[in-house]
Structure formats: structure tokens, C-alpha cells
1. Of M362, M325, M1, how do they rank once you tally other Cβ atoms within 10 Å and put the fewest first?
2. Find the eigenvalues of the gyration tensor of the Cα atoms of region 78-208, then list the square roots of 5 times those eigenvalues as equivalent ellipsoid semi-axes, largest first, in whole angstrom.
3. Using DSSP to call loops (not H, G, I, E or B), can you name the GluC sites (Glu not before Pro) in region 157-215 whose Cβ has at most 12 other Cβ atoms within 10 angstrom?
4. Using modelled amide H (1.01 Å from N, peptide plane; none on Pro or chain starts), what sits under 5 Å from the amide H of W354, excluding residues fewer than 5 places away?
5. Angle check, please: helix 224-237 long axis (alpha carbons) against the longest principal axis of the chain (alpha carbons), in degrees 0 to 90, nearest 10.
6. Let me make sure I get this right: for the chain, a, b and c are the square roots of the gyration tensor eigenvalues over alpha carbons, sorted descending. Under 1.5 in a/c it's rounded, otherwise prolate if a/b > b/c, else oblate. Which is it?
7. Would you please give the residues with an amide H less than 5 Å from that of H121, counting only those at least 5 places away or on a separate chain, with H modeled from the backbone geometry?
8. What is the set of long-range amide H partners of K252 at a cut-off below 5 Å, with H atoms built 1.01 Å from backbone N?
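Read the figures in this text as sums done on the coordinates, not as results from a lab. These numbers come from a predicted model, not from an experiment. So basically every Cβ, Gly included, is an ideal-geometry build from the backbone, and we count neighbours across all protein chains shown.
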Amino acid sequence: MFEAISLASGSSGNSLFVRTKRTQILIDAGISSSEIVRKLKYLKVEPTKIDAILLTHEHSDHGSGIPGLAKRSGKLKVIANEATFAALKEKLDGTGIERNIIHIGKNFPIGDLTLRAFKIHHDAAYPVGITISYKRARITYLVDLGRISRENQEEINRSDLVVIDSNYDRLSLIRGPYPEKLKKRIVNHAHLSNEIVGNLILSHPAKEQTEFWLAHLSEENNSPKTASLTINFILKHGGAKGRASFKVLPRKRIGPWWRARIESQPMLLLPGISIPIDLSQYRDSLNPDQRALFDQNRQRAQEIHLLDIEPIYHSPDDDGLGWKMLGADRNGYVVAKDIDIVGVAGIQIGEKIWSCECGDFMWRCQKRGIPCKHIIRVIEWLSNIDANKDKQ
């Protein structure tokens, strides 16, 4: 297991949680210690078990939670370069933290993770980006930077997950209320625009295998919708070959989740429910790439609330048609077994044929022979119902 979960991303605070089975770290801690503790406990992580915090630079939206976490834990390991520690001397003196110096370009082990810091362009004492490696997988984190150097580009090109500053929409910034001095600081030294990030993704040599998380969106000069539209436009009209995957990080909510494709077991088991036999046998028959997509869809299946699964029938006597997954607007996607949805080929799992009318199934999963999250959720739901009937 090697996964990353965003705890917060924006001018009000940034923090990324990264873990393996043995090691748990935070990259930046720019929200209050109470918020970090609350979010870690929501993830069933004991805050005192965090192995270290890596601090990329001294600005408060990246390190303000460290003193409070130090008081709560009694002993807290913080990793940063000498210039960053010097800039935070007054705030960190007396907190009792264990200071660990990371040197630019040199590997720094924490448990079974390997960290590597590299210089980025930002108006701080000595800001760094960070690459976290585990086995063959890599995460690169570049949040708060004003331009991309050749070295930065090389780090990005080698990574499986890229967490990158996408702070402003250029037109919104120009027309916005900020004073000219602040606008110049943002453009020249502080942040990247949606347009820059879109072109970076467009030119990425392995964008089909890499996931991009757009971080630190401005509340005044950007929005998730604007960022998504801009980057999709650049990819579409820039002649991108293959499908690029990107997500906009929420400012204050937890998520999204990312897990490296280096493991063979399912990613997030529903508590108390083992994988159904049909699904387990089906999964065992897959090749490694198919299995990785299956595990990803199984993780996403947990997003579907059981109360949002609703049976649909041709007639009251027909109990085998399928199910609808309800969304926020109470509409949703249809999952069917033992029948064909018009224009959509089915996938055989056990003795049943399954299909779904969601876009993810039709455009991605069906082509690779993998059930989408809706199909997986229904199979697990039905398996649990059957198991309860057997007990009764």
C-alpha cells in the first residue's frame, strides 16, 4: 500500500497525508492542529503515530499547525532545510520538535519511504518541492511556485501522482480586485496559472498513466469549474493523445484518495464484508493492469451509499432486471444483470452478465473488461444480503 490523501489545499491551509503499511507522514501542516487531528481520526489514523512532517517552506498556510501538533504529541519530528528552520525560529523555539535537516537533491529515508527535496521558485527563504518514493511508485508535490524549471519538469515526468499549484485563472486575476503589486507577485514569484498547468499536462510524456491534482486554487481568482474547463480546453485543442486524469483539490474537505498501482489486494474493503467469491475469482483471472483498475473501482464503489441503491423492474414479477444508483438530484445510473443495455456490451462475472449505462463504464471500463464502481457495489450489496439470509 502506498497512498496519498489531501487534508486541505488553498490559501487558508495545505496538508497532504501519505502512508504505507509501515510509515505515515504529512507534507506540510498549514491548517490548525485541531483540524489535522480531527481529519486524521476520521481516517482512523492516530495523530501521535505520524512519523514526521515534511515542511516545504515557512509560510503559515504550510506550517501553522506544527506548534499545536507538537504540544499534543509531546514529540514531533519535522523535516525541513536549514533556511526554512531559520525563518521559523521564533515560532518553533520552545515547541520541543525534533528537527531533521533535509539537503537538496539527496535522498532522505523515513521508514520505508524515500524523500527527495528539490528547489522551486517562490518568494520564501528556500522553498522546495518534494518527491516521495515507495518501491517503483512516486509522488511529486509542488505547491506554491511561480514557474517550472527543467529540474522540476524532470521530477514531474517521472511521477505517478503530481500535486501541483494551479492557483489562478489569468483573466480573472487581471480583471480582479487585487492591487497591481500583488498581481505581479503572484504571476512573477508566487503561483502557477491554470493555463500553465494545462500545458504542462498536455506536454507530459506519460499523462495516461499519471494523475494530476490541482492544488491551492485561489478563492478570488479561480474556481474548480474554471480550472477544469481551462485544462480540458487545452488538452482537447492542443491535440492531446490519450486521456489525461486530473482532479481539483477541495480547499477544506478531505480527499481525494490516490493509491499506487503496485499492490495486488483490493484497496479499501468495506468493514465487515469480505470480497464476494464471484468477484474474488473474477479478480484473480485479471492481468496486473486490469487488476489495478478493478481495485481502483472497488475503492470508488465505497462512495456509493447503500440507501442510494434502488431496484428497477420491467414488471412487479421481474426481480432480476437491475438497479439504479441515485445521485444528489435523485437521478442516476442503471446497472443491469443478465440483460444488455442498448449499445453497451456486458461483462461476465460468475454466471451473470453485467452492464452499466454510466459514462465511466462505457468509455473506459467496458473497453478493458472491468466492472465499474456501480456494478461492484451492487454485487457486494447482493452478496451481503444473501449472507444475512443464510445466517437467518
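1. On the way: M362 17, M325 22, M1 13.
The fewest-first ordering by Cβ neighbours comes to M1, M362, M325.
2. Details: eigenvalues 149, 105, 21 Å².
Ellipsoid semi-axes (Å, largest first): 27, 23, 10.
3. Here the GluC sites (Glu not before Pro) that fit, given the DSSP loop and packing criteria, are E208.
4. For W354, the qualifying residues are D338, I347, Q348, I349.
5. For 224-237 against the chain, the angle is about 80 degrees.
6. Values: a/c = 2.14, a/b = 1.62, b/c = 1.32.
Cα axes put the chain in the prolate bin.
7. Hits under the 5 Å cutoff: G146, R147.
8. HN-HN under 5 Å from K252: S9.
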